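Right, one structure below, let's go through it.
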Amino acid sequence: MTGNGRMGAMLFGNVQNETLVANHCRLFLPLGSRELVPDLSKYLPELRRIIRRDGYQAAMSFLMDKAGEQGFLGLIPTDPLHPGFFVRIKQTPSGKARDYLRMENFRSGEVAVTWSDDRGTFSRRLFVSRPDNVIVFSITSDRKGQIECELEFPLPTPVERKTNDTGWRANVRSNLIISERSISRDLITFHNTYARGKGGYDAAVRIIPDGGQTRVVDDRVQIKGADGVLMLMRIVPWKTPLSRKESEAWAYCAENPDFKERAGKFEPVPALGESSVVPYRTREEAAALLPQLVKSLKTINADYRKLHDSHRKQHAALFDRVSLDLGGGEDRNKSSEELLATAVKEQRLPNALMEKIYDAGRYMYICSAGELPPNLQGIWTGSWIPAWSGDFTLDTNVQLAMKHAFTANLGELMEGYYRMIEGFYPEWKLNAERTYGCPGYLTNARASNTALLLHWGKWPGVFWTGGCGWLAHFFYDHWQFTGDEAFLRERTVPLLKEVVAFYENFMLLDPNTGRYEFIPSYSPETGTGITATMDVMVCKDALKSLIYACRVLGINKENIPKWEAMLERLPEYRFNEDGALAEWIPEGGPERYKHRHLSHLHSCYEALDDLDPERSPKLWAAAQEATRRRIHSGGEVSSHGRVHMGLAAAFLRMPEEAYGRLEVMATGKSMYASLMCSHEPNARIFNLDANGAMPEILHRMLLQSSPGMLDLLPALPKAWPRGEIRGIKARRQITINRLAWDQTARQLTLKLTSERDQKIVLRMPHTRSIRRITTTGDPADIKITAGSPNQRAVVLKKGKTVDFRIYY
């Protein structure tokens, strides 16, 4: 797989029959669902009475009855991710094919296939250019006139699958795209209209043979006697004017006084400079798009090497920002198939494979993030009915897919996430008012073409109120890593204020305890109850972030006491009979230790400061016990469950448990040969969120940061006695130029640069004491003072790079 953060491409097959799939991040197939959020706001008091008296099953029946009276059928699936178009390449070898090699170059962004036969050596190469925004594919040979191939361009017609399943497989039919295709010897075009509204997309393929003869036979282009073949491809989505049904949320918010001031931010179609989606208003304007697309392809220099050189520079500039050395040695020369086979056979994770897994996660993110965040499948699909619609699943998966972005120094690729979330605001506003009669924001747990709260019924997603607060955390973290106060003021604080406004009106004050209750409440995806631990954690994070941000900016001073009072009234966490952090604040049923979700450990996998071993040792130990029991329950097999547990374990300084979650991904066959991940073991269900989380697990094992604190080697496993990492980022605008360790020599080398004057504490939680620490630099700039035996306070100067040698 390869991509440029906007378009993606996949290549698979064999020498004789290969398939190229062209993808675009915005291709979600409209199913024609009735997208109207039912007005349930007046029923909230009765809903709460039913929950207390009869439980959630009765409450859901009540809510469905009231929604059904307004035409809501329940559990509306998200519009699914779909492929743009396919190119089938047929090339018959002369004699037996030999010396076959398939490669994916993480550093250059190129996919390549090479082989030899009786006529010579052949190669197919593919990448998606960042500077030129074009998919580039070539077929070459080391001998003149030896390229004979057939290129087939089938219509992009969704297949029909008859199934009794509900959800993501429902409502898929073969008449959802109206496609107009034109084929000539050097140009193939598609004008695709979604039959059930919301626009469509155009695509064009320019074919440039080097010599030989070319002819068209049906939907195929045949090439004989060529020295080489080059194809340039591009997909351009477009939007139709929104219908009354589709624009309900936008119209509502445009009339809302709170939104008039910011109406410009909520255009349903971003400006062309921010997105590849093209809006049009008339049929004539739509017809003009395809000629413009064709014209733009013809202006591109048809030179594969030059195109790839310019792409490689931009792609490698992102990829080379960080590097990892775990001592992989000679194993680095082995293929991923060989290393994965070793992992399965010997039930261990070779260090060279861990290095490649680390690079694979960053490669996935670089290729699929930019215009939007990665979806469940990154940016790629070859299926019209991907699992869970291949959508943006917001109760775990999107967060995991981009988890390492800040620490891996890829923060600018988060802009697509910010724009997507900001584009949801009008729908979130409507969700909150229609569903619970509250101001502020409320998200659906699933999104693609819309984030309206529609995906509930048999699944109790309507009771989940923690989504917007969780998603807002990444806006706040942006400021923590970059120090961008304009972003904090203009984009983070407005979002947090809406999140807190919802909580302020939704939470109930229990007169018996003086603490807030969350009712209804849902702990993804384990069940319903009263006051999920996750709800408290998310609300606490939103309040603390908002208060701190406003103090930094010197704004909203009059509201800070109110928000502080809300913080004080949040309930305390509960420990269960096993001594583990409980999933629910009130007394509840048995813990679901075997479930892949561990929402009550939200503070651990988002590294929040309400858990600290020194300030709250009992809570810390309870979180460790909850993590330990989840890991060793025997039920943890899904990849996102494993990596969430790995994130929590690394944060909680449980090195072997964190390492074990990485190891089992390889030994349990949860990766393909490309090192992209599957949702289930044995490479079942293509799903890439685990790829985004694994680099972050490793980062946390080596270094963790919070304002004023750097924890060094907090969860270093026995498998990595020595190694080094370069280029990662820490909160408070610190770059870790180099972190190298040697457990045998008991020493650590740290080189860092701060972008601001600040005092920090260097701490080594895994060891009793730091025996000695030396630095390079001007003593007037660097001052070390003794603190606890395993920590030192250090004064850093803006722009100064400092080397530390630490002996422990």
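The values are calculated or read from the model by the stated rules, or taken from the named source; none is laboratory data. As the structure is a computational prediction, the values presented were derived from the model and not from experiment. FYI the Cβ positions are ideal-geometry reconstructions off the backbone, even for glycines, and counts take in every protein chain you see. In case anyone asks, the SASA skips ligands and DNA or RNA and just uses the protein heavy atoms, side chains included. Shrake-Rupley method; radii C 1.70, N 1.55, O 1.52, S 1.80 Å.
Determine the pairs where a residue that is more than 15 Å from Ala622 (Cβ to Cβ), located within segment 596-609, has a partner that is among the aliphatic types (A, V, I, L, M) and open to solvent by 10 Å² or more (accessible area, probe 1.4 Å) with Cβ atoms under 8 Å apart, the partner being 6 or more residues away or on another chain.
Arg596/Val637
Return yes or no: is Asp65 outside any strand (DSSP E or B), open to solvent by 30 Å² or more (accessible area, probe 1.4 Å) and free of Cβ contacts under 8 Å to residues at least 24 places away in the same chain? Show your work before the answer.
On the way: outside any strand (DSSP E or B): yes; open to solvent by 30 Å² or more (accessible area, probe 1.4 Å): yes; free of Cβ contacts under 8 Å to residues at least 24 places away in the same chain: yes.
Yes.
From the list Thr776, Thr753, which one is modelled with pLDDT of 95 or more and either of a type in the set (Ser, Thr, Tyr) or more than 15 Å from Leu796 (Cβ to Cβ) (or both)? Before you say what the answer is, go through the steps one by one.
Values: Thr776 fails: modelled with pLDDT of 95 or more.
Sole residue among the options that is modelled with pLDDT of 95 or more and either of a type in the set (Ser, Thr, Tyr) or more than 15 Å from Leu796 (Cβ to Cβ) (or both): Thr753.
I need every pair where a residue in segment 121-134 that is in contact (Cβ under 8 Å) with a residue 60 or more places away in the chain has its Cβ under 6 Å from the Cβ of a residue that is charged (D, E, K, R) and buried (at least 21 other Cβ atoms within 10 Å of the Cβ), sequence separation at least 6 or different chains.
Val134/Arg234
Quick grid of which residues meet (1) under 20 Å from Ile366 (Cβ atoms); (2) open to solvent by 10 Å² or more (accessible area, probe 1.4 Å):
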{"residue": "Met402", "(1), (2)": "yes, no"}
{"residue": "Thr407", "(1), (2)": "yes, yes"}
{"residue": "Met414", "(1), (2)": "yes, no"}
{"residue": "Tyr417", "(1), (2)": "yes, no"}
{"residue": "Glu422", "(1), (2)": "no, yes"}
{"residue": "Gly437", "(1), (2)": "no, yes"}
{"residue": "Thr450", "(1), (2)": "no, yes"}
{"residue": "Leu453", "(1), (2)": "no, no"}
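Quick check: is even one residue across segment 639-651 in contact with a His (Cβ under 6 Å, 6 or more places away or on another chain) and within 25 Å of Asn687 (Cα to Cα)?
Applying the first criterion (in contact with a His (Cβ under 6 Å, 6 or more places away or on another chain)) to segment 639-651 yields 639.
If we keep only those that are within 25 Å of Asn687 (Cα to Cα) as well, we get 639.
Taking every residue of segment 639-651 in turn, at least one turns out to be in contact with a His (Cβ under 6 Å, 6 or more places away or on another chain) and within 25 Å of Asn687 (Cα to Cα).
Yes/no per residue for (1) under 27 Å from the mean Cα position of the chain (by Cα); (2) buried (at least 16 other Cβ atoms within 10 Å of the Cβ); (3) farther than 22 Å from Ile782 by Cβ; (4) in contact (Cβ under 8 Å) with a residue 60 or more places away in the chain:
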{"site": "Lys718", "(1), (2), (3), (4)": "no, no, yes, yes"}
{"site": "Arg731", "(1), (2), (3), (4)": "yes, yes, no, yes"}
{"site": "Ile734", "(1), (2), (3), (4)": "yes, yes, no, yes"}
{"site": "Gln743", "(1), (2), (3), (4)": "no, yes, yes, no"}
{"site": "Lys751", "(1), (2), (3), (4)": "no, yes, no, no"}
{"site": "Ser754", "(1), (2), (3), (4)": "no, yes, no, no"}
{"site": "Lys759", "(1), (2), (3), (4)": "no, no, no, no"}
{"site": "Leu762", "(1), (2), (3), (4)": "no, yes, no, no"}
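Just give me the residues in segment 669-718 being on the phi > 0 side of the Ramachandran plot and of a type outside the set (A, V, I, L, M), in sequence order.
Taking segment 669-718 first, the residues on the phi > 0 side of the Ramachandran plot are 669, 675, 682-683, 685, 708, 713.
Within segment 669-718, Lys669, Asn682, Gly708 meet the criteria.
For every residue, the table says whether it meets (1) touching a Pro at 6+ places or on another chain (Cβ under 6 Å); (2) at pLDDT below 85; (3) under 24 Å from Gln91 (Cβ atoms); (4) surrounded by fewer than 15 Cβ atoms within 10 Å (Cβ to Cβ).
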| position | (1), (2), (3), (4) |
| --- | --- |
| Arg196 | yes, no, no, no |
| Tyr201 | yes, no, no, no |
| Pro209 | no, no, yes, no |
| Val221 | no, no, yes, no |
| Gly225 | no, no, yes, yes |
| Val229 | yes, no, yes, no |
| Ala263 | no, yes, no, yes |
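Considering every residue within segment 459-478, establish whether at least one is part of a helix (DSSP H, G or I), farther than 18 Å from Thr531 by Cβ, open to solvent by 50 Å² or more (accessible area, probe 1.4 Å) and modelled with pLDDT of 95 or more.
no
Any idea which of Thr114, Thr189, Thr166 is of a type in the set (Ser, Thr, Tyr), at pLDDT 95 or above, farther than 18 Å from Val205 by Cα and touching a Leu at 6+ places or on another chain (Cβ under 8 Å)? Give the steps one after another, and end with the answer.
On the way: Thr189 fails: farther than 18 Å from Val205 by Cα; Thr166 fails: at pLDDT 95 or above.
Unique residue meeting the criteria: Thr114.
Return the total of residues in segment 115-129 being within 19 Å of Val229 (Cα to Cα) and open to solvent by 30 Å² or more (accessible area, probe 1.4 Å). Before the answer, list the steps.
At the first step, the residues of segment 115-129 found to be within 19 Å of Val229 (Cα to Cα) are 115-117, 119-129.
Among the residues that remain, those that are also open to solvent by 30 Å² or more (accessible area, probe 1.4 Å) are: 119, 121, 125.
Number satisfying all stated conditions: 3.
Based on what the data block shows, is Ser383 open to solvent by 10 Å² or more (accessible area, probe 1.4 Å), under 21 Å from the mean Cα position of the chain (by Cα) and among the small types (Gly, Ala, Ser)?
yes
For Met364, indicate whether it is closer than 28 Å to Gly13 by Cα, out of contact with any Cys (no Cβ under 7 Å at 6 or more places or on another chain) and either modelled with pLDDT of 95 or more or aliphatic (A, V, I, L, M) (or both). Break it down stepwise before answering.
Working: closer than 28 Å to Gly13 by Cα: yes; out of contact with any Cys (no Cβ under 7 Å at 6 or more places or on another chain): yes; either modelled with pLDDT of 95 or more or aliphatic (A, V, I, L, M) (or both): yes.
So Met364 fits the description; yes.
Where in segment 521-635 are the helices (runs of 4 or more DSSP H), entirely inside, with at least 2 residues that are among the hydrophobic types (A, V, I, L, M, F, W, C) and surrounded by fewer than 19 Cβ atoms within 10 Å (Cβ to Cβ)? Let's see the steps before the verdict.
On the way: elements: 533-553, 560-568, 602-605, 617-631.
Of the helices (runs of 4 or more DSSP H) lying wholly inside segment 521-635, those with at least 2 residues that are among the hydrophobic types (A, V, I, L, M, F, W, C) and surrounded by fewer than 19 Cβ atoms within 10 Å (Cβ to Cβ) span 533-553, 560-568, 617-631.
Which one is most open to solvent (accessible area, probe 1.4 Å), of the residues in segment 34-62 that are in contact with a Ser or Thr (Cβ under 9 Å, 6 or more places away or on another chain) and part of a loop (DSSP other than H, G, I, E, B)?
Among them, the one singled out is Asp39.
Just checking, how many residues over segment 767-778 are open to solvent by 70 Å² or more (accessible area, probe 1.4 Å) and in a loop (DSSP other than H, G, I, E, B)? Give the steps one after another, and end with the answer.
Going through segment 767-778, the residues open to solvent by 70 Å² or more (accessible area, probe 1.4 Å) turn out to be 768, 771-772, 776, 778.
Still in the list and also in a loop (DSSP other than H, G, I, E, B): 768, 771, 778.
Going through segment 767-778 one residue at a time, the tally reaches 3.
Residue-by-condition table, conditions (1) in contact with a Cys (Cβ under 6 Å, 6 or more places away or on another chain); (2) modelled with pLDDT of 95 or more; (3) not aromatic (Phe, Trp, Tyr):
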residue	(1), (2), (3)
Gln70	no, no, yes
Gly84	no, yes, yes
Arg98	no, yes, yes
Arg125	no, yes, yes
Phe137	no, yes, no
Glu160	no, no, yes
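Which residues, counting only those in segment 779-798, are part of a loop (DSSP other than H, G, I, E, B) and either touching a Lys or Arg at 6+ places or on another chain (Cβ under 8 Å) or of a type outside the set (D, E, K, R) (or both)? Spell out how you get there, then give the answer.
Going residue by residue through segment 779-798, those that are part of a loop (DSSP other than H, G, I, E, B) are 779-783, 787-790, 797-798.
Pro779, Ala780, Asp781, Ile782, Gly787, Ser788, Pro789, Asn790, Lys798 - these are the residues of segment 779-798 that are part of a loop (DSSP other than H, G, I, E, B) and either touching a Lys or Arg at 6+ places or on another chain (Cβ under 8 Å) or of a type outside the set (D, E, K, R) (or both).
Would you check if there is a residue in segment 483-501 being closer than 17 Å to Val536 by Cα, open to solvent by less than 10 Å² (accessible area, probe 1.4 Å) and touching a residue at least 60 places away in the same chain (Cβ under 8 Å)?
yes
So which pairs qualify, if the first residue must be in segment 789-808 and within 15 Å of Leu713 (Cα to Cα) and of a type in the set (Val, Ile, Thr), the second must be open to solvent by less than 40 Å² (accessible area, probe 1.4 Å) and part of a strand (DSSP E or B), the Cβ gap must be under 6 Å, and the two must be at least 6 apart or on different chains?
Close Cβ pairs (under 6 Å, with a partner that is open to solvent by less than 40 Å² (accessible area, probe 1.4 Å) and part of a strand (DSSP E or B)) amount to Ile806/Leu748; Ile806/Ile773.
If I filter segment 641-661 down to residues being surrounded by fewer than 24 Cβ atoms within 10 Å (Cβ to Cβ) and either within 20 Å of the chain's Cα centre (by Cα) or outside any loop (DSSP other than H, G, I, E, B) (or both), which single residue comes out as modelled with the lowest pLDDT?
Per the stated criteria, the residue is Gly641.
Which count do you get for residues in segment 779-792 that are at pLDDT 90 or above and buried (at least 16 other Cβ atoms within 10 Å of the Cβ)? Explain how you work it out, then say what you get.
Of segment 779-792, the ones at pLDDT 90 or above are 789-792.
Narrowing the set further to residues that are buried (at least 16 other Cβ atoms within 10 Å of the Cβ) leaves 790-792.
Total satisfying the criteria: 3.
Residue pairs, Cβ under 7 Å, 6 or more apart or interchain, first in segment 648-669 and in contact (Cβ under 8 Å) with a residue 24 or more places away in the chain, second surrounded by 21 or more Cβ atoms within 10 Å (Cβ to Cβ) and of a type in the set (Phe, Trp, Tyr). List them.
The qualifying pairs are Ala648/Tyr605; Phe651/Tyr605.
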